[in-house]
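The values are calculated or read from the model by the stated rules, or taken from the named source; none is laboratory data. What you see is a predicted model, and the numbers here were worked out from it, not measured in a lab. Every residue, glycine among them, receives a Cβ derived from its backbone with ideal geometry; neighbour counts consider all protein chains shown. What goes into the accessible areas is simple: the full protein's heavy atoms, side chains included, and nothing from ligands, DNA or RNA. Shrake-Rupley method; radii C 1.70, N 1.55, O 1.52, S 1.80 Å.
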Amino acid sequence: MTQTMGLIAGVLLAMALFVYTFWPENVFAQQRQKTRLDYLLERKEQLHENLRDLNFEFKAGKYPEEDFQAQRAQLENETALLLGEIEVLQRV
Amino acid sequence: MAFFGSFALLIALALAAWNLLAGALALRWIATGQPAPISPERLADTARRAGIAGFWAVTAAAFALVWSVFTNDFSIAYIMEHSNRALPGAYKFSALWSGQEGSLLLWAWLLGAYGFVLRLTHQRDVKLYAYAGAILAGIQVFFLLVLNFAAPPFALLKGAIPEDGNGLNPLLQYPEMVIHPPMLYLGYVGFSVPFAFALGALMMRYPGEKWIRITRVWTMVTWLFLTIGVFLGMHWAYAVLGWGGYWSWDPVEIASLMPWLTGTAFLHSVMMQEKKGMMKSWNVWLIFITFLLTMLGTTLTRGGLVSSVHAFAESSIGYWFLAFMVLVLAVCLFTYILQYSHLKSERRVESLVSRESAFLFNNLVLIAACFVIMWGALFPVLSEFFVGNKVTFDAAWYNRVAVPIGLFLVMLAGVGPLLPWRATSLKSIRRNFVLPVIALWATVVVCLAVGVRPWHDGAFDQGHFYALVAFALSAGVITAICSEFLRGARVIAKQSGRNYLAAMVLLVRRNTRRYGGYTVHIGVVVAVIGLAGAAFNRSAEQEMALHDKLVIGPYTLEYLGPTEDSNPNFDSEYAQLMVYKAGRYPFLMTPGKRIYLASRQPQTMVAIHSVVAWDLYLVYEGTNPDTGQPIIKAFLNPLVSWIWAGMLLMALGTLIALIPKQWSVVSEQSALPSVAEGFER
């Protein structure tokens, strides 16, 4: 490839990429602002997963009964508080 | 092509600069709500498109370089220095990363490719991806500045154009060298993506931990590439360098290990943030440090600060990298201080004996390991700078420090999964640790019985002691992890009526991440068993006349004479050795030497016979000039194949962990409603 051919190929590449970059488009991907409710719903999902794991591990014999009950109570309390806040926000 | 390639790199730089500036401006306008002369969303979209277009521009430049190698365009200095006409096609392709300029171009191309995928999938979280895209563009601007102004791959040769090039470094003319550097680079460059997401999430005060879920795949894929890259590098060193080992604490090896250690720590601790909302600051700094370590590794080796078997010559790009690292650190520090309040943990570690604390210990040990070996790598540079005397640490120093740390990590790999979250009662410890502890001590007894003893001729043997500890810990950890699989499978088998094997498959599918992770742990343990085998390496060296015999372990080697071969790229000579195991089962091994015609450089060609228990490793050391007879060095290296098997298991585990969890939960829900739901109905 000669220098002239290289220059032509380079200019063509630059033009194609410039057109692609600045092509006028009216539809853009947009996103609404994430709210506290969105965050709490994500957290709820995570807490449910933690409870699922705890339950499964108990069934698998990893936890003694008393340890399981204590941990489950803690997680359920946390979930209850979260669900309460979600309910309030959903009413608003 | 040189002109086109240079032009494409300039276009790529302009596009990356636009991506960075327009992206940053648009995000600033969106964040502050300031009135803007044009729609910030439109501006942000042009930035995103510039990132995509930039990838094509870098691709064009990389294509121009590869084309120039294949068309033997020796007017380009890089091609003249790293290729020649007789070089086989696959190695011509690998010439792209065999020199400094080419490897920087590969880095920029991979960064562009990662960014290309990221920008195409931006609808998953438009704002977070826009931040990450702008940060990646900032990194790309740096690399393109270096490529355009400090290390241009298309620089033309001054003076007359030679008929042929100098050829590729003989050490790199090995099949693995075609895939090892791209794998390593995919790992190195890949950490830019989680770094960009973490910094972006911090800049925008991303609410919640969902960004971790978004970046998980990126982090795991990157970690997988880096793991494979590190192990392929070890295998290359083993099969090519001809000294009988695979790891010599070379600065380039250390450079790849440091981000692997912190990246591994990040993969573990990020689970704490996702599940428990803990260790937010720690995680942010872990990924910042991991990214900076990929840069430091490049500075150490590519910048010519330290010498290594595969580091490039001294150049000025080390200063570019140092300046960039200082800039990145300043940006990270500034953002961290500004957004510190956003990183408050939701809870603390409640007990020293819990899975949280196991993760924390794991992280502390990994970081300690990283900084110890970094100290070893930097000490020669620092001592030369401050005292004017280059002091280097030998492999024994690294082994003394790294082996105990590594063994502690192996122990944690087994202890962690057995500990419950939050706190552990004595009853729970007894329940979960009985079997692993029995396996551990049983292994100690068996090892002592078969002769693996921490003393040798009445004196303490540190290598054998560590090997004994490694075998015992490995047995304990494998038992612990297997018991996790079996217990889970038993629950599913009981509830679904399936057999154990089907239940095991279902178990893995319902929680791919956990059981994929456990498979990685088994892979690590298998690799550690292989590494521990080095304590029992044996070697023998002998000058051999025709039909002379050399005995090593169960093998007897008989010399059958020399043979020669020649092709346009190299001349070779081999020693033919008939190998008998216990006097039977003969097979032929042919260690040799090559002389590459373009560079006139010699290269040892090792012959390896690998079985589960050991490798028979033969090196042809040349001929005695007085007698004309070949000198053969034989090594018997126990358990080496376990290291490569461990890598395969680690790769398999990571692939399992990458399978989306939704799919597994859905599969399981249909079969096992009560287990899947988690709550007693």
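Using 0.36 nm per residue and subtracting the Cα-Cα separation, the extra length available between B:K344 and B:V217 on full extension is 43.2 nm. Here the Karplus relation 6.51 cos²θ - 1.76 cosθ + 1.60, evaluated at θ = phi - 60°, turns the backbone of the stretch B:549-555 into coupling constants of 10, 10, 10, 9, x, x, 9 Hz, with x for every Gly and Pro.
Once the Cβ-Cβ distance of B:Q495 and B:A160 is raised to the sixth power relative to R0 = 60 Å, the FRET efficiency obtained is 0.15. Between B:L156 and B:A77, the built amide H atoms are under 5 Å apart, and every one of these is 5 or more places off in sequence or on another chain.
Would you mind calculating the relative contact order of chain B from Cα pairs under 8 angstrom and at least 6 residues apart, reporting the percent as a whole number? Relative contact order of chain B: 10 percent. From its DSSP helices (H runs of at least four residues, each -39,500 (n - 2.57)), chain B gives a residue-normalised ellipticity at 222 nm of -21500 deg cm²/dmol.
Pairs from the table (B:K210/B:K275; A:K62/B:K276; A:K34/B:K344; B:K344/B:K427) lying more than 22 angstrom apart at Cα are B:K344/B:K427. For the stretch B:1-160, averaging the sequence separation of C-alpha pairs within contact (under 8 Å, six or more residues apart) and dividing by the residue count gives a relative contact order of 35 percent. If the chain linking B:I429 and B:F93 were pulled fully straight, counting 0.36 nm for each residue of separation and taking away their Cα-Cα distance, it would gain 115.4 nm. Under the simplified labelling scheme, the B:E543-B:A442 pair shows an inter-label distance of 5.3 nm, with each label point 7 Å from Cα along Cα→Cβ. Legend: mean number of C-beta atoms from other chains within 10 angstrom of residue C-beta atoms, peptide A:7-19, equals 5. Dividing the helix sum by the residues of chain A, where each DSSP H run of 4 or more adds -39500 (n - 2.57), gives a mean residue ellipticity at 222 nm of -27000 deg cm²/dmol. Using only alpha carbons, the protein assembly as shown has a radius of gyration to Kirkwood radius ratio (Rg to Rh) of 1.00. I need the shape label for the stretch B:94-152. Rule: rounded when a/c is under 1.5, else prolate if a/b > b/c, else oblate, with a, b, c from the alpha carbon gyration tensor. Note, shape of the stretch B:94-152 comes out oblate. Distance between the pseudo-spin-label points of B:V450 and B:S383 (7 Å out from Cα toward the beta carbon): 4.0 nm. For the stretch B:232-306, chymotrypsin sites (Phe, Trp or Tyr not before Pro) are listed when DSSP marks them as loop and at most 13 other Cβ atoms sit within 10 Å of their Cβ; the list is empty. The rule of thumb for compact globular proteins, 2.2 N^0.38 Å, goes into the C-alpha radius of gyration of the stretch B:286-437 1.38 times. Restricting the GluC sites (Glu not before Pro) of the stretch B:162-256 to loop positions (DSSP other than H, G, I, E, B) with no more than 13 neighbouring Cβ atoms within 10 Å leaves B:E163.
In terms of its alpha-carbon gyration tensor, the stretch B:111-256 comes out oblate; a/c meets the 1.5 threshold, while b/c is at least as large as a/b. Applied to the stretch A:66-81, the Karplus parametrisation 6.51 cos²θ - 1.76 cosθ + 1.60 on θ = phi - 60° returns per-residue 3J(HN,Hα) values of 5, 4, 4, 4, 5, 5, 5, 4, 4, 5, 5, 4, 4, 5, 4, 4 Hz, with x for Gly and Pro. Taking Cα atoms only, the orientation of helix A:3-22 departs from the longest principal axis of chain A by about 40 degrees. Distances between placed amide hydrogens fall under 5 Å for B:I552 paired with B:L557, all partners being 5 or more residues away or on another chain.
In this rough spin-label picture, where each label sits 7 Å from Cα along the Cβ direction, the B:A31-A:A80 distance is 4.1 nm.
Please identify, among A:L81, A:L41, A:L17, the residue showing maximal mean-square fluctuation in a Gaussian network model of chain A using a 10 angstrom Cα cutoff. Highest fluctuation among the options: A:L17. Across the stretch B:66-169, Cα pairs under 8 Å and at least six residues apart give a relative contact order of 48 percent. Just the accessible area for B:S345, please: 1.4 Å probe, Å², rounded to the nearest 10? In the full protein context, B:S345 sits at about 60 Å².
Taking a straight line from the alpha carbon of A:K59, these aspartates and glutamates sit under 14 Å away, with near neighbours fewer than eight places off in the same chain left out: A:D67, B:E484, B:E677, B:E680. Stretching B:V612 away from B:R400 to a fully extended chain increases their span by 73.6 nm, per 0.36 nm per residue minus the current alpha-carbon distance. Dividing the convex hull volume of the alpha-carbon atoms in chain B by its residue count gives 204 Å³ per residue. With the Cα gyration tensor of the stretch B:352-396 giving a ≥ b ≥ c as the square roots of its eigenvalues, does the rule (a/c under 1.5 for rounded; else a/b larger than b/c for prolate; else oblate) give rounded, prolate or oblate? The shape class here is prolate. Peptide A:45-58 has a mean shielding of 5, counted as Cβ atoms of other protein chains within 10 Å of each residue's Cβ.
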